[in-house]
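For reference, the structure discussed in these notes is given below.
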């Protein structure tokens, strides 16, 4: 459906997109994930035709889009802050795209009602845009983007400004809606939870480049680089030397997964793989802080200060969590250890 | 951009060049020694100095007096606001000669102030300065106030919460946001006072003369075209320099602002401070604007046989003294038709130019921006005379066409349209347009569907301005209006130029009608503004 080939966009010296290649298949939901300034929004703007690519090609259904203006591309874009037309009411906002495509008056009315029904605002048609809450605005923006039946629907931080509960509910709603409609979706977000919940496939971006592509599970389980690992919230990253089944780390010996090639490496150990023991067993640490995360598992994140090496983060249940200042021993679970690509943290950042 | 460019070259550049050329060319070759000779003349230097300092003083005084007014109109809600806004704008559209007479009637010898307090203003420069404030109060209130009304008050509230006092919040948040419109207003006021003609003619006396007055004297009285040409060029250069500085400073401050519907930002006055501001603004308006107008109206009704409609009745018939070939009342219809045509031209040309200026950037465009302001700062006398000289032969033989008058009037209207539209157009979020594009709207459609409704308010304001200045335009119209089709200001000036109580009274009566027409149009505009449902 959508294919990007070596797309580069430069703003002065800085490359917002650096030779990006990407493919979105029909009926697939792809989420581009990255910190602010990683080029996510620029990516959407290039596809929409609002930003010219300096080099590379954008293909929609196999057609090169060079020289095709935004209004003829037939893609939908939901803006980060919605950009509803302030002088029109809800119905007129949703109808806008239909009018631009010369849909008849009756047909337009019918479709607007249907769309508003679908996004859960059946009675909002005559309401002023200014009177809508953030969540309602988001729904209207979605209905407006869906109305002209775009080949490809793009969402820029679709749930960014909403409160947590609403966001979690809407993610589920959106996913169901896209599956039902068979919409092809390209979304960008900085929130990995949102991306994982929404997407069939996740693309992580770093400084205008694609750092990793995969299913949410693949990316979560095997972050390809230190950048991806840290972006997903994993901070237990160290340099190590692998020998046989163990690695030499500042925290002491750490078991590694089978088949890890020997030599220097960067290792990630997920907080789940940091097992708390009695002080006599394993690496000796002092508990610096503990943060209750809530959730179904009553998870607690424990921040540990080992005798040697950088800080360690462990996750455990509330019941097992030690007090602040307590002394504990730490062991590692090989299943939660990931070998990362690249030896230096942020190497590509410095080169960009 | 091509249309406005062609318009200006043809109807501004060409006539002005023609008259300057005629002045400086003698016996088939250029005669440039005269430039040095004129510019070293102490009398001329005196005129130059007076022109500059009175313009600066008038601008400062206008800003100081009208800025609280802009605040009141933007942020406070009170009964009669629409009417008051129209009243404030009336002076702006009055022919300068009439306004000068109103001030003379108020503060001159035997004037109202002289009778009551023995106070006379016409002996000092204050009469000129106050008359300039009288004229330009509306410029500041409408350009700055109109923009101010759409500024999101929450910006200021955010600053207050961060610990800024009321005044500090205003100074650090609102003032910078207002700066572009403030700069535009100051520029317009300065240009108007710099080229002031009618007011100085009446109130300045022999001691005070601006460049424009001097140009008129050299052209019409002394028939010294070469001197007039040099002065025109001097004025031109000064104005161009000013516009260049302005364009340069504007570029440094442009930013997108969050605009909100104007209706939501106005509140009923609260607390003694806001009431005090409101009342002092009302007092200033009463003294400076209503009082001169009232004196004018009083003179119109105060006929030979006491108060009555004698002067108005006389307007309907052809005057026995032969001032006109038609009844003076016909001038009303002429004026309205001309002004409507001129407004249309100004809106099309100015709208296209503003749209072009919003979309594109670069040195060339900025230069064009400044160029479009030039007519405001160019001697209207020169333009009018230039029209006569330049546009009277094929391929452009327009001298006998009625269309010449609206063309000249539109020339003055266009800068207003651009100045009013540009700040608003530039602050429309570009992503709204992008949202429309993604939904399938072509650039033209997106402009019509998204930007036009958003700037509709500004468009109406600018249309009102263009209409008003066209209605009141005098300097150029007086040269090109046909004798059998005078406009209101031209008719008024002809009557004022003749002796006799009847003529003076009729002039005042006609001015009163002009004033009422303008007030009516402006009030109608206010209605449209508040009743249109699709309004921003």
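All of the numbers you see were taken from the coordinates with simple rules; none came from a lab. Note that the coordinates shown come from a computational prediction; the quantities given were computed from them, not determined experimentally. No Cβ is skipped: glycine too gets one built from the backbone with ideal geometry, and neighbour counts run over all protein chains shown.
Things worth noting here:
- Part-to-part distance (alpha-carbon centres) for region A:28-44 and region A:122-180, which is given in Å: 18
- Tensor-based shape of chain A (alpha-carbon gyration tensor, a/c under 1.5 rounded, otherwise prolate or oblate): prolate
- Shielding of A:67-79 by partner chains, average beta-carbon count, 10 Å: 4
- Rounded if a/c under 1.5, otherwise prolate or oblate - region A:62-197, Cα gyration tensor axes: oblate
- Cα gyration tensor category, rounded, prolate or oblate, for the protein assembly as shown with a/c compared to 1.5: prolate
- Rough spin-label spacing in nm, given labels placed 7 Å along Cα→Cβ, for residue B:14 and residue A:175: 7.0
- Relative to the longest principal axis of the Cα atoms of chain A, helix A:164-181 runs at roughly 60 degrees.
- Contact order, relative form, for chain A: 16 percent (alpha carbon pairs under 8 Å, 6 or more residues apart, mean separation divided by residue count).
- For region A:227-268 versus region B:169-246, the gap between their alpha-carbon centres in whole angstrom: 76
- Rounded to the nearest 5, the antiparallel percentage of DSSP beta bridges internal to chain A is 75%.
- Cut-off 14 Å (backbone N to label point 7 Å along Cα→Cβ of residue B:274), residues of region B:72-87: B:72-79
- Counts of other chain beta carbons within 10 angstrom of each beta carbon in peptide A:93-99 average 3.
- In region A:1-133, Cα pairs under 8 Å separated by at least six residues give a relative contact order of 21 percent.
- Peptides B:155-163, B:428-436 ranked from most to least packed, by the mean per-residue count of other Cβ atoms within 10 Å: B:428-436, B:155-163.
- Within 10 Å of each Cβ in A:82-92, the average number of Cβ atoms from other chains: 5
- Separation between Cα centres of region B:441-458 and region A:82-101, rounded to whole Å: 13
- Once C-alpha pairs closer than 8 Å and six or more residues apart are averaged by separation and normalised to the residue number of region A:227-351, the relative contact order reads 30 percent.
- Calculated [222 nm] ellipticity per residue, helices only, for the protein assembly as shown: -16500 deg cm²/dmol; basis is -39500 (n - 2.57) per DSSP H run with n ≥ 4, divided by all residues, nearest 500.
- You can think of it this way: the chain between residue A:277 and residue A:113 has 53.0 nm of extra reach, that is 0.36 nm per residue less the Cα-Cα gap.
- A protection proxy built from the mean count of other Cβ atoms within 10 Å ranks the segments B:60-67, A:201-208, B:37-44, A:139-146, most packed first, as A:139-146, A:201-208, B:60-67, B:37-44.
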